[in-house]
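Visitor: Here it is: the structure, laid out below.
The values are calculated or read from the model by the stated rules, or taken from the named source; none is laboratory data. Predicted, not measured: the structure shown is a model, and the values here were computed from it. All Cβ positions, glycine included, derive from the backbone under ideal geometry; neighbour counts span all protein chains shown. Surface accessibility is based on the protein's heavy atoms, side chains included, excluding ligands, DNA and RNA. Shrake-Rupley method; radii C 1.70, N 1.55, O 1.52, S 1.80 Å.
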Amino acid sequence: MKTLIVCTSVSHGNTRRVAEAVGGVLNAPVVDPDSVAVDDLHDYDLVGFGSGIFNMAFHPRLRDLVASLPHSQGTTAFVFSSSGFPEPPFARYSRTMAKLLEQRGFDVVGSFSCRGHDTWWPFKPVGGLKKGRPNPADIDAARAFAKTLLAQR
Ligand SMILES: Cc1cc2nc3c(=O)[nH]c(=O)nc-3n(C[C@H](O)[C@H](O)[C@H](O)COP(=O)(O)O)c2cc1C
């Protein structure tokens, strides 16, 4: 299964650690949105899209990439993120990103999220929240998620 993982991880590399764990299971390279050749994405069987969550959304560089993609009928995709907090019921970031991808013709088959060390400015005086995340249990959960993707093929 030819797989690519597209990841923006600008804050602490939290999401990148998740991406590398998933990529290790799926035997997939992890690339930055800026280095994606958008016309080549249909060559892949599965493409993962992930970033940290900023102001209740995936990173703008990832969203801009997805918005710029040509229609990709039937390519399978998944989304992943790390964030200080779980998704609140009024802002389903993963669902919103999945919908963007579906509008580009992707078939979104899964999503994964875990906590990441969060140094948004109100939390900086105390060294941030969720220090040490993603932790080994988060990375194990990411690998388990990747195995469910393999099992679907
Ligand atoms: C400016 C800023 C805004 C953030 N906004 C949110 C947010 O809305 N919700 C949330 O749960 N975490 C938020 N976070 C925490 C990040 O999502 C978290 O640190 C994430 O793991 C960063 O991933 P990265 O290291 O891969 O960039 C924010 C962090 C920063 C610095």
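Let's see how each residue does on (1) without any contact (Cβ under 8 Å) to a residue 40 or more places away in the chain; (2) in contact with a Gly (Cβ under 7 Å, 6 or more places away or on another chain):
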{"site": "PRO33", "(1), (2)": "yes, no"}
{"site": "ASP43", "(1), (2)": "no, no"}
{"site": "GLY48", "(1), (2)": "no, no"}
{"site": "ILE53", "(1), (2)": "no, no"}
{"site": "ARG61", "(1), (2)": "no, no"}
{"site": "THR76", "(1), (2)": "yes, no"}
{"site": "SER81", "(1), (2)": "no, yes"}
{"site": "PRO86", "(1), (2)": "yes, no"}
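Visitor: Quick check on the range 124-153: of everything there that is open to solvent by less than 40 Å² (accessible area, probe 1.4 Å), out of contact with any helix residue (DSSP H, G or I) (no Cβ under 6 Å at 6 or more places or on another chain) and not charged (D, E, K, R), which residue is nearest to PRO70 (Cα to Cα)? If you could, list the steps in order and put the result at the bottom.
Guide: Filtering the range 124-153 for residues open to solvent by less than 40 Å² (accessible area, probe 1.4 Å) gives 127-128, 134, 138-139, 142, 145-146, 149.
Those left that are additionally out of contact with any helix residue (DSSP H, G or I) (no Cβ under 6 Å at 6 or more places or on another chain): 127-128, 138, 145, 149.
Keeping just the survivors that are not charged (D, E, K, R) gives 127-128, 145, 149.
Numbers: GLY127: 42, GLY128: 39, PHE145: 27, LEU149: 24 Å.
So, considering only residues that are open to solvent by less than 40 Å² (accessible area, probe 1.4 Å), out of contact with any helix residue (DSSP H, G or I) (no Cβ under 6 Å at 6 or more places or on another chain) and not charged (D, E, K, R), the one nearest to PRO70 (Cα to Cα) is LEU149.
Visitor: Can you tell me which condition LYS99 does not meet? The list is (1) away from the ligand (no atom under 16 Å from the Cβ); (2) under 17 Å from LEU149 (Cβ atoms); (3) open to solvent by 10 Å² or more (accessible area, probe 1.4 Å), and all the others hold.
Guide: (2)
Visitor: Do we have SER11 as buried (at least 19 other Cβ atoms within 10 Å of the Cβ), in a strand (DSSP E or B) and hydroxyl-bearing (Ser, Thr, Tyr) here?
Guide: Numbers: buried (at least 19 other Cβ atoms within 10 Å of the Cβ): yes; in a strand (DSSP E or B): no; hydroxyl-bearing (Ser, Thr, Tyr): yes.
Answer is no for this residue.
Visitor: Name the pairs whose Cβ atoms lie under 6 Å apart, with the first residue in the range 125-137 and within 12 Å of the ligand (Cβ to nearest atom), the second modelled with pLDDT under 95 and assigned to a helix (DSSP H, G or I), and 6 or more positions between them or separate chains?
Guide: Taking only residues 6 or more apart or on different chains, the pairs are LEU129/PHE123.
Visitor: Residues in the range 57-77: is at least one near the ligand (Cβ under 7 Å from one of its atoms) and over 14 Å from the mean Cα position of the chain (by Cα)?
Guide: Looking through the range 57-77, none of the residues is near the ligand (Cβ under 7 Å from one of its atoms) and over 14 Å from the mean Cα position of the chain (by Cα).
Visitor: Do we have ARG115 as more than 16 Å from the ligand (Cβ to nearest atom) and either free of Cβ contacts under 8 Å to residues at least 60 places away in the same chain or open to solvent by 70 Å² or more (accessible area, probe 1.4 Å) (or both) here?
Guide: Values: more than 16 Å from the ligand (Cβ to nearest atom): no; either free of Cβ contacts under 8 Å to residues at least 60 places away in the same chain or open to solvent by 70 Å² or more (accessible area, probe 1.4 Å) (or both): yes.
Criteria not met by ARG115.
Visitor: Report yes if SER83 is of a type in the set (Ser, Thr, Tyr), at pLDDT below 95 and either within 15 Å of the chain's Cα centre (by Cα) or more than 13 Å from the ligand (Cβ to nearest atom) (or both), otherwise no. It would help to see each step written out before you state the result.
Guide: Numbers: of a type in the set (Ser, Thr, Tyr): yes; at pLDDT below 95: no; either within 15 Å of the chain's Cα centre (by Cα) or more than 13 Å from the ligand (Cβ to nearest atom) (or both): yes.
The answer is no for SER83.
Visitor: May I pose another question? Go over the candidates GLY23, GLY48, GLY52 one by one and state the one that is away from the ligand (no atom under 12 Å from the Cβ), farther than 21 Å from GLU102 by Cβ and surrounded by 20 or more Cβ atoms within 10 Å (Cβ to Cβ).
Guide: GLY23 is the lone residue from the list that is away from the ligand (no atom under 12 Å from the Cβ), farther than 21 Å from GLU102 by Cβ and surrounded by 20 or more Cβ atoms within 10 Å (Cβ to Cβ).
Visitor: Which residue, of VAL109, VAL38, is surrounded by fewer than 19 Cβ atoms within 10 Å (Cβ to Cβ), touching a strand residue (DSSP E or B) at 6+ places or on another chain (Cβ under 6 Å) and among the β-branched types (Val, Ile, Thr)?
Guide: Every option except VAL109 fails the conditions.
Visitor: Something else about it: Would you check if VAL30 is open to solvent by less than 50 Å² (accessible area, probe 1.4 Å) and either more than 16 Å from the ligand (Cβ to nearest atom) or closer than 22 Å to GLY105 by Cβ (or both)?
Guide: Working: open to solvent by less than 50 Å² (accessible area, probe 1.4 Å): yes; either more than 16 Å from the ligand (Cβ to nearest atom) or closer than 22 Å to GLY105 by Cβ (or both): no.
It is false that VAL30 is open to solvent by less than 50 Å² (accessible area, probe 1.4 Å) and either more than 16 Å from the ligand (Cβ to nearest atom) or closer than 22 Å to GLY105 by Cβ (or both).
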